[in-house]
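Each value in this text was obtained by applying a stated rule to the coordinates, not by laboratory testing. Please read these numbers as outputs of a predicted model, since none were measured by experiment. Note: ideal-geometry Cβ built from the backbone for every residue, glycine included; neighbour counts use all protein chains shown.
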Amino acid sequence: MKELKGSISLSLIRNLPYCERMVWFKLNSDIEEPPTPSMILSSERHRDLKRIAESLMLPQPMQFNKKLCHPQIPVCGSPDIISGEERKIIVEYKHFSRERGDFQDFRAQLLTYGWLVQEVEGRVWKLVLMVGREVVWEQEYSYELHISARHLVERLLKILDSPTPPSASYGGKCSYCFFKSVCSSSNQPAEIL
Ligand code: SF4
């Protein structure tokens, strides 16, 4: 699989609903974020994914964490599970549960994985989001979703290409943002003071 120069990870999509400015810092600053608890658990993850695939009775063949890169657009992604041959089911799994919400961030990430699989590997039938032990969102994939996902990818690429960070408003999200200090001191500050 050929990776286009400068390809970026679609996992960043899940930050878009929170703050585009944060995404810009992730893409353009040299600051290394510490690994998240989920990253630290990565060795246990593969076992979890096999267990989940069994519990959901997913069809064969199954591919776990397969890295896919778009042949024309510089984005890559590794959906947790791609299941099935003709009509594929894409599963995204988040180990740590959290208070119920609409999971907009995880759904956005999963949506773009669906888009990537459909573009690279063929027809997608369904998207399944699992948080903790629960399936929190399940959706048949459609042309409309494909277009929405494409728009998210375009938004991500636009942020990547921007020479300056987009503006953003201060909110509760900023209190735990890793880029808080660089955000407030950058040349085009967000309205966070
Ligand atoms: S501090 Fe707030 S505005 Fe700045 S990047 Fe983080 S979340 Fe966005």
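For LYS26, the lysines whose Cα falls under 17 Å of its own Cα, not counting residues fewer than eight places away in the same chain, are LYS158, LYS173, LYS180. For a straight C-alpha distance cut-off of 15 angstrom, the aspartates and glutamates reachable from LYS94 (same-chain residues fewer than eight places away being disregarded) are GLU44, ASP48, ASP80, ASP102, ASP105, GLU134, GLU138.
Size descriptors for the chain, from the alpha-carbon set: Rg then Dmax equal 17.2, 53 Å. Think of it this way: in the chain, CYS19, CYS174, CYS177, CYS183 stand alone, with no other Cys Cβ under 4.7 Å.
Packing around the peptides 114-120, 54-60, 153-159, 11-17, taken as the average count of other Cβ atoms within 10 Å per residue, puts them in this order, highest first: 114-120, 11-17, 153-159, 54-60.
First select every other residue whose beta carbon is under 13 angstrom from the beta carbon of ILE159; then total the charges, Lys and Arg +1, Asp and Glu -1.
Working: positive: ARG21, LYS26, ARG155, LYS158; negative: GLU20, GLU154, ASP161.
Residues close to ILE159 contribute a combined charge of +1.
A helix-only calculation puts the chain at -11000 deg cm²/dmol for mean residue ellipticity at 222 nm, using -39500 (n - 2.57) for each DSSP H run of at least four residues, averaged over all residues. Sites listed here are chymotrypsin sites (Phe, Trp or Tyr not before Pro) in the range 53-105 whose DSSP assignment is loop and whose Cβ has at most 15 other Cβ atoms within 10 Å: PHE96.
Determine, for GLU138, GLU92, the number of other Cβ atoms within 10 Å of each Cβ, and report the residues in order from fewest to most.
Taking fewest neighbouring Cβ atoms as first place, the list is GLU138, GLU92.
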